[in-house]
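*Asks:* One structure is given below, represented as structure tokens, and several questions about it will come after.
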Amino acid sequence: SEASNRKIRVFAVEKNPNAVITLQQQQIELWGDKVKVISSDMRDWNPPPEDYADILVSELLGSFGDNELSPECLDGAQKFLKPGGISIPYSYTSYIGPLQSSKLYNEVRNCKDETKHPMANFETPYVVHFQNRFELAPPQSLFTFDHPNHDKIIDNTRYSSLTFDITADSVLHGFGGYFECYLYKDIMISILPATHSPGMFSWFPILFPLRDPVQLKKNDKLKLHFWRNVTKTHVWYEWAVSDPVSVPVHNPNGRSYEIGL
């Protein structure tokens, strides 16, 4: 703001009480009255109209873009954005592609938890630094979320089916998830291999495993079905394969994995 000779007011809205203490200390030692710390869930904060924002800046992205509930949080916070105000980021898209990795499959198989559903280890996504894996086809775009969301009825449930052309005889062990994100105009950050932002290691990809490996042949058409389900209290993913063989739906009704709202 000093470089552009603009006077600004900044509100730091944070619901984590431990993080609030850190922000308050920053305010005392560094920011002074330039930043006002608000201890609140952004979805619950209701500032007076004179405190509505021109710019809403957030860092809510997960390895799959929306898997840390950025859509739900920003949809709830956009009420204090002025008409014509902007969100940074303003759009992000998840990508997914088939993988072969006996190493990852065996690690997932050994992650059994006796307190959870018997299939929970294969119905839970894992954030992983992919190394020992083979991509069976290029990842494809899955779900896109835009902010602010001007839909009359906001619904963040999603479903998509994707068909992948398999490039080699192989064994399918699961699917790798990534994201591309636009911050402002054409400024983008990405963990998608084809467009990966140089030097950015803030996010690793996410793995959606399959309970039973699937034998594939070169030129097979692999059809994936993927759901993002939302209730008043939780968000979860479900995934299944229908071609060239049928694989049961993983994580139906969020029985093994869900994210609390």
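The values are calculated or read from the model by the stated rules, or taken from the named source; none is laboratory data. Here the structure is a predicted model, which means the values were calculated and not measured. Glycine gets a Cβ as well: all are built from the backbone with ideal geometry, and neighbour counts include every protein chain shown. Accessible surface is based on the protein model in full, side chains and every heavy atom, while ligands, DNA and RNA are left aside. Shrake-Rupley method; radii C 1.70, N 1.55, O 1.52, S 1.80 Å.
*Asks:* Using a 7 Å offset from the Cα along the Cα-to-Cβ direction at both Thr115 and Lys221, what is the distance between the two label points in nm, to one decimal?
*Replies:* In this crude spin-label approximation the distance works out to 4.6 nm.
*Asks:* Select from Thr124, Thr233, Thr144 the residue whose mean-square fluctuation is largest in a Gaussian network model of the chain (Cα-Cα springs shorter than 10 Å).
*Replies:* Thr233
*Asks:* Which value in nm describes the separation of the simple spin-label points at Lys185 and Lys15, placed 7 Å from the Cα toward the beta carbon?
*Replies:* Once both label points are built, they end up 3.4 nm from each other.
*Asks:* Ignoring ligands and nucleic acids, what accessible area does Phe80 show with a 1.4 Å probe (Å², nearest 10)?
*Replies:* Number for this one is 10 Å².
*Asks:* A follow-up question, please. Please work out how much accessible surface Ile38 shows to a 1.4 Å probe, ignoring ligands, DNA and RNA, in Å² rounded to 10.
*Replies:* 20 Å²
*Asks:* Still on this model: With all protein chains present, calculate the accessible area of His150 using a 1.4 Å probe and round the result to the nearest 10 Å².
*Replies:* For His150, solvent-accessible area is about 150 Å².
*Asks:* If I compute Kirkwood radius over Cα pairs in Å from the structure I just sent, which labelled value in (1) 21.7; (2) 20.3; (3) 19.5 lines up?
*Replies:* It is the value labelled (2).
*Asks:* With a 1.4 Å probe and all protein chains in place, put Ile153, Ile96 in order of accessible area, largest first.
*Replies:* Final ranking, largest accessible area leading: Ile153, Ile96.
*Asks:* Still on this structure: Can you give me the long-range amide H partners of Val57? Hydrogens built in the peptide plane at 1.01 Å from N, cutoff under 5 Å, separation of 5 or more residues or another chain.
*Replies:* Correct list: Ile88.
*Asks:* Taking the solvent-accessible surface of protein heavy atoms with a 1.4 Å probe, what is the per residue accessible area of the stretch 36-143 in Å²?
*Replies:* Per residue, the stretch 36-143 has 48 Å² of solvent-accessible surface.
*Asks:* Whole-Hz Karplus ³J(HN,Hα) for the stretch 122-129, in order, using 6.51 cos²θ - 1.76 cosθ + 1.60 and θ = phi - 60°, x for Gly and Pro?
*Replies:* Per residue, the Karplus-derived 3J(HN,Hα) values read 9, 10, 10, x, 10, 7, 9, 7 Hz.
*Asks:* Once you have the Cα-Cα distance between Leu30 and Ile88, take 0.36 nm times their residue separation minus that, and quote the gain in nm to one decimal. Please list the in-between numbers first.
*Replies:* Numbers: separation 58, 0.36 × 58 = 20.88 nm, distance 2.38 nm.
Gain in length upon complete extension: 18.5 nm.
*Asks:* Let me have the relative contact order for the stretch 145-221, percent, based on Cα pairs under 8 Å that are six or more residues apart.
*Replies:* 42 percent
*Asks:* Where both residues lie in the chain, what percent of DSSP beta bridges are antiparallel, nearest 5?
*Replies:* 85 percent
*Asks:* Which ³J(HN,Hα) values in Hz, rounded to whole numbers, follow from the phi angles of the stretch 248-259 under the Karplus curve 6.51 cos²θ - 1.76 cosθ + 1.60, where θ = phi - 60° and Gly and Pro get x?
*Replies:* For the stretch 248-259, the Karplus curve yields x, 4, 8, 6, x, 6, x, 5, 10, 8, 7, 10 Hz.
*Asks:* Whole-Hz ³J(HN,Hα) for each residue in the stretch 193-200, computed from phi via Karplus 6.51 cos²θ - 1.76 cosθ + 1.60 with θ = phi - 60°, x for glycine and proline: what do you get?
*Replies:* Result, ordered by residue: x, 5, 10, 3, 5, x, x, 9 Hz.
*Asks:* Using a probe of 1.4 angstrom, how much of the accessible area of the stretch 110-245 is carbon and sulfur, in percent? Let's see the in-between values first.
*Replies:* On the way: 3860 of 7290 Å².
Answer for the stretch 110-245 is 53 percent, counting heavy atoms of protein chains only.
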